[in-house]
Amino acid sequence: MISTRILAIETSCDETAAAVVENGRTILSNIIASQTDLHAQFGGIFPEAASRQHIESIYPVVSAALSKAHMGIDDMDCIAVTYGPGLVGSLLTGVNMAKGLAFGKDKPFLGINHIEGHIYSLWLESGEQGRGEADEIEFPILTLVVSGGHTELYLMVDHGQYQHLGGTLDDAAGEAFDKVGRLLGLPYPGGPHIDEAAKMGNPTAFKFPRAVMRDGFNFSFSGVKTAVMRQTKKYHSKETMPVNDLAASFQAAVVDALVTKTARAAEAYGVTAVHIAGGVSANSALRREMSEKLNIPVRYPPLALCTDNAAMIGAAAHRHFINGRRDNFDLDVIPSLQLNTKNNG
Ligand code: KG4
Ligand code: ZN
């Protein structure tokens, strides 16, 4: 295998992140400057504020990633960056930084799809038991990317080869977690807070709709979100709401839909394993139910690599780099980039 050291940059949403990754697997550094506190006051991401914060953070974050790895740009084989999907202003900060570094130091440059980054977070070593073995597993693998922006099922037939099986028809699962979190008076982002509240609640207290359509592998989460909203209107104030029961019942409905569709697709395509990536893959109920219901291996990234980070971009970039792909400096950001577009290499 060709040995690589990649400086990866990720600024697609509200984390300014940089990492140095060796051979697509070993994390030498992984720096994340989160903007969560900045956006919490707005109850969601404020794109203009995100762009400005990325501009302030990008240089110190990249410097920290290199110094934590005890390396300089000259030690890198390639500079990789997320070029979509994401917020245009946020993406531009990372892409311009990466282009500047690559051009200035005459290094190869690669634009990476953020969704593919989440998929390759499963190939990173974490030191946790059972991890770092993904390279040896056999294809086809079923991958569920479930985050604040996406809920998509892909059949991965080989490295870098994806077949899109289905996805959400309306809200992403993480988006539904965040909106319901707001309805329940929980801090932004709602996902981790709902996960915690649900541990103290009864998942059968309320029967929220599952929207498990009979055919295909698509999802829909707007119905369950609206049902929770209707229920919350029945209480005079947030103080009188049974927050833990509402959180547990909502989470059970979302997890049920995700597990049912994933299990159905896994069986239909005879996959060897299921990989789950993206912010919502940190959800404790999703991890438990998916592992219980499926009788093939179910793998997740370690918790710290579920949400946005640059190490996963370095892992995906490694595959493209060893396959000989190089991008030109005219590569532009693509806010609505799809996984299977030509640019995926
Ligand atoms: O992957 P990510 O950092 O950003 C996107 O690419 O969208 O995912 C962020 C999403 C947010 O919606 C957040 O609420 C959700 O992941 N999330 C969770 C949990 N941890 C993060 N949702 C449910 N349970 C969790 N434990
Ligand atoms: Zn993400």
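Key figures for this structure:
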read-out: Given charges at Cβ of Lys, Arg, Asp, Glu: the chain dipole, positive-most of L186, G117, A40; value: L186
read-out: For segment 273-282, Karplus couplings with θ = phi - 60° (6.51, -1.76, 1.60), whole Hz, Gly/Pro x; value: 7, 10, 10, 10, 9, x, x, 6, 5, 6
read-out: Accessible surface of the chain, 1.4 Å probe, proportion on carbon and sulfur as whole %; value: 51 percent
read-out: Globularity ratio of segment 134-299, using Cα Rg and 2.2 N^0.38 Å; value: 1.05
read-out: Exposure ranking of I313, I31 by accessible area [1.4 Å probe, largest first]; value: I31, I313
read-out: Cα extents of the chain along the three principal axes, largest first (Å); value: 62, 46, 35
read-out: Sequence-separation-based contact order of segment 134-299, relative, with Cα cut under 8 Å and 6+ spacing, percent; value: 28 percent
read-out: Contact order relative to length of the chain, as percent, for alpha carbon pairs under 8 angstrom and 6 or more apart; value: 24 percent
read-out: Point-to-point label distance, K293-Q161, nm (Cα→Cβ direction, 7 Å offset); value: 2.9 nm
read-out: Accessible area in square angstrom per residue, the chain, 1.4 angstrom probe; value: 42 Å²
read-out: Dipole magnitude of segment 134-299 about its Cα centre (Cβ charges: Lys, Arg +1; Asp, Glu -1), debye to nearest 20; value: 840 debye
read-out: Count of lysine pairs in segment 134-299 with Cα separation under 28 Å (8 or more residues apart, or interchain); value: 27
read-out: Normalised per residue, the volume of the convex hull around the Cα set of segment 1-157 (Å³); value: 126 Å³
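The values are calculated or read from the model by the stated rules, or taken from the named source; none is laboratory data. In this text, all values refer to a predicted model and were calculated from it rather than measured experimentally. Positions of Cβ are generated from backbone atoms using ideal geometry, with glycine treated the same way; all protein chains shown enter the neighbour counts. Each accessible area value is taken on the protein alone, full model and side chains, heavy atoms only, with ligands, DNA and RNA left out. Shrake-Rupley method; radii C 1.70, N 1.55, O 1.52, S 1.80 Å.
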